[in-house]
1. Hey, among the residues in the range 1-16 that are free of Cβ contacts under 8 Å to residues at least 40 places away in the same chain and either loosely packed, with under 13 Cβ neighbours inside 10 Å or of a type in the set (D, E, K, R) (or both), which one's farthest from Gly91 (Cα to Cα)?
2. Just wondering, is there one or more residues in the range 102-118 that are over 19 Å from Ile15 (Cβ atoms), open to solvent by less than 60 Å² (accessible area, probe 1.4 Å) and in a helix (DSSP H, G or I)?
3. Has the range 61-75 got any residue that is part of a helix (DSSP H, G or I) and open to solvent by less than 70 Å² (accessible area, probe 1.4 Å)?
4. Mind listing whichever residues of the range 76-97 are in contact with a Lys or Arg (Cβ under 9 Å, 6 or more places away or on another chain) and open to solvent by less than 20 Å² (accessible area, probe 1.4 Å)?
5. Within the range 17-67, track down each residue that is without any contact (Cβ under 8 Å) to a residue 24 or more places away in the chain and in contact with a strand residue (DSSP E or B) (Cβ under 8 Å, 6 or more places away or on another chain).
6. Does the range 119-144 hold any residues that are part of a loop (DSSP other than H, G, I, E, B), open to solvent by less than 70 Å² (accessible area, probe 1.4 Å) and of a type in the set (Gly, Ala, Ser), and which are they?
7. If I go through the range 100-122 residue by residue, how many of them are without any contact (Cβ under 8 Å) to a residue 60 or more places away in the chain and under 21 Å from Phe60 (Cβ atoms)?
Amino acid sequence: MKNETCNFHGTRMTIHVITDETDGMYSVMCFEHPPNVGPALHMHPRGSESFHILDGQYQFLIGDKTIDAKKGDTITVPKGVSHKFNSGKDGGQFLVISPPGLENYFYELSQLLSNGIVEWNVESEIAGKYGQIFLESSNHWTSA
């Protein structure tokens, strides 16, 4: 899966560093988002997550704080804190340092999505297996 580019809910995703290469500490991925998309509210119990914006604009909700981010900004979400984001009107691209094992959620789900629609309960179960706990299901990878 390393350096493989996948389609994840219409977002181009490339896994650059897998958890096994970091002594189980983190993974590194790049995401290229179409306009106005992002995940439902979720959290990661296994570690913090950092986003470095390479292009475009994003709006993050971290806990109860809204943060507007642009090219060059880095946003860090502490372990266990609820968060979500949406790409701006022109889409965007970021590099993300994710909690250990999370790349497996994105990879496994992208493989299932290539065969068609994946039901919410299936995606949520796969996410939980790899350390992403959804707190809601609204606006998940659809235009907000």
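1. Lys2
2. Of the range 102-118, the ones over 19 Å from Ile15 (Cβ atoms) are 115-117.
Going one step further and asking which of them are open to solvent by less than 60 Å² (accessible area, probe 1.4 Å), we end up with 116.
Keeping just the survivors that are in a helix (DSSP H, G or I) gives none.
For the range 102-118, residues over 19 Å from Ile15 (Cβ atoms), open to solvent by less than 60 Å² (accessible area, probe 1.4 Å) and in a helix (DSSP H, G or I): absent.
3. Here is the first cut: in the range 61-75, the residues part of a helix (DSSP H, G or I) are none.
There is no residue in the range 61-75 that is part of a helix (DSSP H, G or I) and open to solvent by less than 70 Å² (accessible area, probe 1.4 Å).
4. Gly88, Gly92
5. Start the filter on the range 17-67 by keeping residues that are without any contact (Cβ under 8 Å) to a residue 24 or more places away in the chain, which leaves 17, 20-21, 23, 62-67.
Residues satisfying the conditions are Val17, Ile62, Gly63, Thr66, Ile67.
6. Matches in the range 119-144: Gly131, Ser137, Ser138.
7. Counting residues in the range 100-122 that are without any contact (Cβ under 8 Å) to a residue 60 or more places away in the chain and under 21 Å from Phe60 (Cβ atoms) gives 1.
For every residue, the table says whether it meets (1) in contact with a Cys (Cβ under 8 Å, 6 or more places away or on another chain); (2) under 16 Å from Val28 (Cα atoms).
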site: Pro78; (1), (2): no, no
site: Asp90; (1), (2): no, no
site: Leu95; (1), (2): yes, yes
site: Gln111; (1), (2): yes, no
site: Trp141; (1), (2): no, no
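The values are calculated or read from the model by the stated rules, or taken from the named source; none is laboratory data. No experiment lies behind these values; they were computed from the predicted model shown. Every residue, glycine as well, gets a Cβ built from its backbone with ideal geometry; the counts of neighbours run over all protein chains shown. Only protein heavy atoms, including side chains, enter the accessible area calculation; ligands, DNA and RNA are left aside. Shrake-Rupley method; radii C 1.70, N 1.55, O 1.52, S 1.80 Å.
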